[in-house]
Amino acid sequence: CILSDVKEEACVHLRNMDSFIRAVRQVEDSNPGLSPLALVRALRRTAGHDDMMTIHFLGGSYNLTDAAGLETAILNASSFSFFDKAIHHIVTDHGEERGVVLASDGTTVALAPLLLGIESGLKAKMEGTTAVGIFPLTLGRTLGLSFLSLQDFPASLRLGPNGCWDNVERPKVFKLSRPPTLATDAMINGGMDGAILGTDLSNLSASEQPQALSEILKGYYSFVLSEERGLDAVTSHVSPRRRELSRSILETLDLHSQLMETLTLVWKLEKTEWIALDTGVSKAVKDGLKTFVHKYWDCPQIIPRCQWGAKPPQDTPIPLSLPLKFLYIHHTYEPSSPCLSFTNCSRNMRSMQRFHQEDRGWNDIGYSFVVGSDGYIYEGRGWNLLGKHTRGHNSIGYGVSVVGNYTSTLPSRHAMNLLRHRLVRCAVDGGGLAANFTIHGHRQVVNYTTCPGDALFSEIRSWEHFRD
């Protein structure tokens, strides 16, 4: 039984990226000399992803002899069922999203747009042409149709949602947090990753040969961060940076025009009569793009409570009255070391929640948000609920803590930027913080603490909105 650590008679395919990469590696090992383009085409054929737009840009997989021949090899590897289920994206009537996998960084990725982006880049590299289909295939079609199909909904509900896995150690079922749009978070994550990797592959020099598909995926999703510098030391493209990387690639485009062109192409190819390309469509696209930019580029990725394994509050949470006027900066002190992976950061979150609930008798973990050094923010009490982080000031400000002891050293620059620029901008634009909010260190308003540590406090004194 491939892709699982259980005996064959009880074989259960785990829905994580590592399992998918291992399956790809098995096919590669069984077919020496296999090109990554031939393999990704065969995977498209296996999953039946031959809609009109894909054929327009990439050709029909059933007309590609390398894909047709390799499909037999995939069948011979006894993994056809796995690849079909892993790649084919659907959302069931019960809110289960399929065709998605859990990446090692704690985020969920739809494989279909990821692989289409990679195939686009590999095809352009092989042919020596420009990869014109990367944006329409990875994000354009999904975003455009989602904006149009939900024009009567509030902008905040036209994209997403995220969800949670039944078990992050052995993921099998991913349930969405509310009714889905066409552009779930997993579809957008996969689309951004496909755009990044496809662009990287299309930009290889004439003398560079692309790596095997398993190595392409492994380099992007499987990595180890150094404790000294975290993501600051990483020069390659990796998944925790998908938002900033995709923004740097796509923001140079006129996205409104790109989406309108994509929708025009959908209308022509698929004869989708309900797409009437008039001023109403243009406005829906403009409004949708504004929401997309805020939610997926301005805001950092926030790991939800259910994903890091939070226990429920011990009492009824109290809502905040927004917007708030203060942001209070903390360090955790204990845990004293930065957390550099989803596994480690999640363990730290559970430990802090247990300490706050059991030892201190609080309702929940005290912080509003916690900053990891793995590239992500972790949800504590969140945007809308009263925290317990800064005595006497909990109702007027968010409390955000950085994992680690920063008495004599600083967090990674990437972690500080997540807080200083991304989380703050997200809070202001989203109505959580007032535009003229004030930043304080914990020690400034509570006189018995040195939090957030001498080094970090000295650093935040130079930040915008800090006040003595």
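The values are calculated or read from the model by the stated rules, or taken from the named source; none is laboratory data. Remember, it's a predicted structure, so these values are computed and weren't measured experimentally. Glycine also receives a Cβ, built like all others from the backbone with ideal geometry; neighbour counts cover every protein chain displayed. Accessible surface is based on the protein model in full, side chains and every heavy atom, while ligands, DNA and RNA are left aside. Shrake-Rupley method; radii C 1.70, N 1.55, O 1.52, S 1.80 Å.
Key figures
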{"read-out": "All positions within segment 391-429 that are open to solvent by 70 Å² or more (accessible area, probe 1.4 Å), more than 21 Å from the chain's Cα centre (by Cα) and either within 20 Å of G230 (Cβ to Cβ) or at pLDDT below 95 (or both)", "value": "S408, T409, L410"}
{"read-out": "Among residues of segment 204-229, those that are under 16 Å from the mean Cα position of the chain (by Cα) and either in a helix (DSSP H, G or I) or exposed (fewer than 15 other Cβ atoms within 10 Å of the Cβ) (or both), counted", "value": "3"}
{"read-out": "Of all residues making up segment 104-119, the number that are under 13 Å from the mean Cα position of the chain (by Cα), among the small types (G, A, S) and open to solvent by less than 10 Å² (accessible area, probe 1.4 Å)", "value": "2"}
{"read-out": "So S346, is it open to solvent by less than 20 Å² (accessible area, probe 1.4 Å) and in contact with a strand residue (DSSP E or B) (Cβ under 7 Å, 6 or more places away or on another chain)", "value": "no"}
{"read-out": "Considering residues of segment 42-56 that are open to solvent by 20 Å² or more (accessible area, probe 1.4 Å) and in contact with an Asp or Glu (Cβ under 9 Å, 6 or more places away or on another chain) only, the residue nearest to Q209 (Cα to Cα)", "value": "R45"}
{"read-out": "Checklist (1) open to solvent by 20 Å² or more (accessible area, probe 1.4 Å); (2) among the hydrophobic types (A, V, I, L, M, F, W, C); (3) outside any helix (DSSP H, G or I); (4) at pLDDT 95 or above applied to M187, failing item", "value": "(3)"}
{"read-out": "Matching helices (runs of 4 or more DSSP H) fully within segment 1-113 where at least 2 residues are modelled with pLDDT under 70", "value": "65-76"}
{"read-out": "Yes/no for G121 being part of a helix (DSSP H, G or I) and either under 22 Å from P304 (Cβ atoms) or modelled with pLDDT under 95 (or both)", "value": "no"}
{"read-out": "Which listed residue is modelled with pLDDT of 95 or more, under 20 Å from the mean Cα position of the chain (by Cα) and part of a helix (DSSP H, G or I), from L139, L201", "value": "L139"}
{"read-out": "Residue that is under 17 Å from G194 (Cα atoms), of a type in the set (V, I, T), open to solvent by less than 50 Å² (accessible area, probe 1.4 Å) and modelled with pLDDT of 95 or more, where the choices are V293, V238", "value": "V238"}
{"read-out": "Near pairs, Cβ below 7 angstrom, 6+ apart or cross-chain, from segment 218-232 (over 28 Å from L111 (Cβ atoms) and in contact (Cβ under 8 Å) with a residue 24 or more places away in the chain) to any residue that is open to solvent by less than 40 Å² (accessible area, probe 1.4 Å) and hydrophobic (A, V, I, L, M, F, W, C)", "value": "E227/L340"}
{"read-out": "Unique match (being buried (at least 17 other Cβ atoms within 10 Å of the Cβ), of a type in the set (V, I, T), farther than 28 Å from D232 by Cβ and over 27 Å from the mean Cα position of the chain (by Cα)) among V281, V266, V285", "value": "V281"}
{"read-out": "Some residue of segment 351-360 being open to solvent by 30 Å² or more (accessible area, probe 1.4 Å), free of Cβ contacts under 8 Å to residues at least 40 places away in the same chain and in a loop (DSSP other than H, G, I, E, B)", "value": "yes"}
{"read-out": "Residues located in segment 120-149, provided they are touching a Lys or Arg at 6+ places or on another chain (Cβ under 8 Å) and surrounded by 24 or more Cβ atoms within 10 Å (Cβ to Cβ)", "value": "F147"}
{"read-out": "Evaluation of D232 against (1) at pLDDT 95 or above; (2) in a helix (DSSP H, G or I) (one fails), failing number", "value": "(1)"}
{"read-out": "Selection from segment 367-382 of residues that are part of a loop (DSSP other than H, G, I, E, B) and in contact with a strand residue (DSSP E or B) (Cβ under 7 Å, 6 or more places away or on another chain)", "value": "Y367, S368, G372, S373, Y376, G380"}
{"read-out": "Among residues of segment 383-398, those that are of a type outside the set (A, V, I, L, M, F, W, C) and in contact with a Pro (Cβ under 9 Å, 6 or more places away or on another chain), counted", "value": "1"}
{"read-out": "Positions within segment 440-468 being in contact (Cβ under 8 Å) with a residue 40 or more places away in the chain, open to solvent by less than 50 Å² (accessible area, probe 1.4 Å) and assigned to a loop (DSSP other than H, G, I, E, B), in sequence order", "value": "V446, C451, P452, G453, W463"}
{"read-out": "Residues of segment 278-331 satisfying the condition of being small (G, A, S) and assigned to a helix (DSSP H, G or I)", "value": "G280, S282, A284, G288"}
{"read-out": "Residue match in segment 383-391 (condition: under 21 Å from T316 (Cβ atoms), small (G, A, S), touching a strand residue (DSSP E or B) at 6+ places or on another chain (Cβ under 7 Å) and without any contact (Cβ under 8 Å) to a residue 40 or more places away in the chain)", "value": "yes"}
{"read-out": "Test result for F437, under 17 Å from P313 (Cα atoms) and either touching a strand residue (DSSP E or B) at 6+ places or on another chain (Cβ under 7 Å) or crowded, with 21+ Cβ neighbours inside 10 Å (or both)", "value": "no"}
